[in-house]
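Below you'll find the structure, written out as structure tokens, and then a few comments.
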Amino acid sequence: MPDYSDHYRLFGRFVLPLGVFTLVAGFRQLRDATLFRLILGYILYLLCTAFWAQEMDWYRLGQKTTIGLYLVTLITITHFLVNWNRQLFDRLICGLVLVSSFAAACNMIYFYSSGDNPFPAARLWPYGSLTNPNEFSNIYGVFAILALGWALRAESLIEATPGGIAALIALLLIWLGQSRTAFIALLLALLALTCLSSRGRRATHWIIGLISVAGLSLVLLLPEVVDEAMTRGTSLRPQIWLEIMRQALEAPIFGHGLTPNVAVKFENIRLFETAHNAYLQVFWQGGVVGLGLFLAVLAIALRDAWALGRREGDMTVLCILLFTMMVMLTGVDTLIERPRDQWILFWFPISLLLATWDGGHTTREDTPLKPAANAY
């Protein structure tokens with residue numbers, strides 16, 4: 001798709017009409033879930049902030065309300081699919097992991113086959129409808145965690161190999177994209193997944209060693225990437241954060257509202273309309289109240305992901321959330337937004353958690369979170 005807005009149109013024209021049929025059942029089955037209530041409260045509160053923004057923007061409010069409906073529909077659709085046919089859903093996720101791995105490999109080959117992009121010094125800009133390498137790195141980071149989770153759950157080496165290779169390919173793409181936060185966050189998330197997964201404990205030392213060697217090898221074999229990444233320095237993020245914090249403290253309780261755009265401009269430098277920090281962006285938009293709701297969502301999501309992982313012996317969702325929380329320190333920004341990297345980073349693991357929620361009891365045996373071996 002030539003533009004990321006096309007994903008928005010695709011969802012609205014083809015997914016939403018079908019998703020509407022899942023709304024009633026989804027609300028009925030999830031209404032007692034604390035996480036679901038917090039998500040609804042968070043979305044509704046941020047929508048309400050538009051009414052005390054400096055200038056009322058009805059068009060932007062309508063757009064954000066539509067996106068809020070899309071996000072709720074995404075949750076109820078995932079809940080329906082998981083409970084309708086779990087094995088089919090698991091096969092779909094594994095298929096998407098393989099597709100993402102193939103796309104990553106093609107991106108690297110095609111980009112560096114051009115004489116204008118020397119390998120490995122040139123910063124990899126993957127081809128697609130996102131706007132910068134950091135967004136691509138965030139998405140491929142989630143697929144890398146899903147891939148390693150696949151490998152750790154596999155019953156045999158043959159079944160585990162595709163997942164392991166996919167994780168390494170994604171790691172290489174992020175390295176060549178020089179996304180420093182995403183690379184470090186992914187290494188930590190993969191190590192955490194290995195240590196926490198019950199099946200991974202059998203080969204924890206081997207897998208941790210493999211991940212560590214892979215990361216060290218990239219540093220030693222491709223030192224040009226380190227040089228280029230360090231040459232960029234810290235960019236303007238510290239200055240942007242200070243200015244956004246100063247603006248946020250002008251309306252610390254209820255924020256500036258969801259519809260206005262953050263605006264930071266330095267002398268002789270282009271205008272920045274993002275905070276480059278999701279927590280700071282939420283504080284600017286919703287004040288202490290909005291940030292409190294957001295942190296409550298994260299806390300309950302981590303609690304539910306930990307409980308789910310303990311039951312199923314698979315900490316994939318927890319580690320995706322850990323990865324997300326780290327990369328949100330330097331990017332992601334607005335979460336109530338059109339389908340972009342934040343949908344996979346934040347809303348996808350939230351949807352998975354709610355899809356496996358069953359009233360606070362254990363997950364039904366006929367629909368386990370952990371895929372069966374033959375699902376691969």
Suppose the filter is in a loop (DSSP other than H, G, I, E, B) and assigned by TED's automatic domain parsing to the domain that holds Leu352; does Thr330 pass it?
yes
Within the stretch 334-351, take every residue that is of a type outside the set (Lys, Arg), farther than 21 Å from Ala299 by Cβ and over 10 Å from the mean Cα position of the chain (by Cα) and give me the one that is surrounded by the most Cβ atoms within 10 Å (Cβ to Cβ).
Pro339
Taking the criterion of being under 18 Å from Gln342 (Cα atoms) and either at pLDDT 95 or above or out of contact with any helix residue (DSSP H, G or I) (no Cβ under 6 Å at 6 or more places or on another chain) (or both), would at least one residue in the stretch 82-95 satisfy it?
yes
State whether one or more residues within the stretch 15-31 are within 20 Å of the chain's Cα centre (by Cα) and not aliphatic (A, V, I, L, M).
no
Search the stretch 299-322 for residues that are closer than 15 Å to Ile145 by Cβ and pair each with any residue that is assigned to a helix (DSSP H, G or I) and among the basic types (Lys, Arg) when their beta-carbon atoms are under 9 Å apart and the residues are at least 6 apart or on different chains.
Asp314/Arg153; Asp314/Arg199; Thr316/Arg153
What single numbered condition from (1) touching a residue at least 60 places away in the same chain (Cβ under 8 Å); (2) not assigned by TED's automatic domain parsing to the domain that holds Ile336; (3) not hydroxyl-bearing (Ser, Thr, Tyr) fails to hold for Phe89?
(1)
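Yes/no matrix, rows are residues, columns are (1) within 17 Å of Thr76 (Cβ to Cβ); (2) touching a His at 6+ places or on another chain (Cβ under 9 Å); (3) in the same structural domain as Ile344 (by TED's automatic domain parsing):
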{"residue": "Pro2", "(1), (2), (3)": "no, no, yes"}
{"residue": "Asp6", "(1), (2), (3)": "no, no, yes"}
{"residue": "Leu18", "(1), (2), (3)": "yes, no, yes"}
{"residue": "Thr22", "(1), (2), (3)": "yes, yes, yes"}
{"residue": "Ala25", "(1), (2), (3)": "yes, yes, yes"}
{"residue": "Arg28", "(1), (2), (3)": "yes, no, yes"}
{"residue": "Ala33", "(1), (2), (3)": "yes, no, yes"}
{"residue": "Leu40", "(1), (2), (3)": "yes, no, yes"}
Output yes when any residue across the stretch 281-293 is outside any helix (DSSP H, G or I) and either outside the structural domain of Leu146 (by TED's automatic domain parsing) or on the phi < 0 side of the Ramachandran plot (or both), and no when none is.
no
Any residue in the stretch 110-131 that's touching a residue at least 12 places away in the same chain (Cβ under 8 Å) and within 19 Å of Asp6 (Cβ to Cβ): show its pairings with residues that are exposed (fewer than 14 other Cβ atoms within 10 Å of the Cβ) and acidic (Asp, Glu) at Cβ separation under 6 Å, as long as the two are six or more apart or on different chains.
Ser129/Asp3
Filter the stretch 8-43 for residues that are modelled with pLDDT under 95 and among the hydroxyl-bearing types (Ser, Thr, Tyr) and give the result.
Tyr8, Thr22, Thr34
Residue satisfying condition, being outside any loop (DSSP other than H, G, I, E, B) and either within 30 Å of Leu46 (Cα to Cα) or modelled with pLDDT of 80 or more (or both), within set Ala192, Ala203
Ala192
Suppose we filter the stretch 124-176 for residues that are part of a loop (DSSP other than H, G, I, E, B) and buried (at least 24 other Cβ atoms within 10 Å of the Cβ); how many remain?
1
If I ask for residues that are among the β-branched types (Val, Ile, Thr) and surrounded by fewer than 22 Cβ atoms within 10 Å (Cβ to Cβ), which ones from the stretch 313-333 would you list?
Thr330
Within the stretch 44-63, identify whether any single residue is in contact with a Pro (Cβ under 9 Å, 6 or more places away or on another chain), at pLDDT 90 or above and either on the phi > 0 side of the Ramachandran plot or assigned by TED's automatic domain parsing to the domain that holds Leu298 (or both), and answer yes or no.
yes
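The values are calculated or read from the model by the stated rules, or taken from the named source; none is laboratory data. As the structure is a prediction and not an experimental result, all values here were calculated from the model. Neighbour counts run over all protein chains shown; Cβ positions are idealised from the backbone, glycine included.
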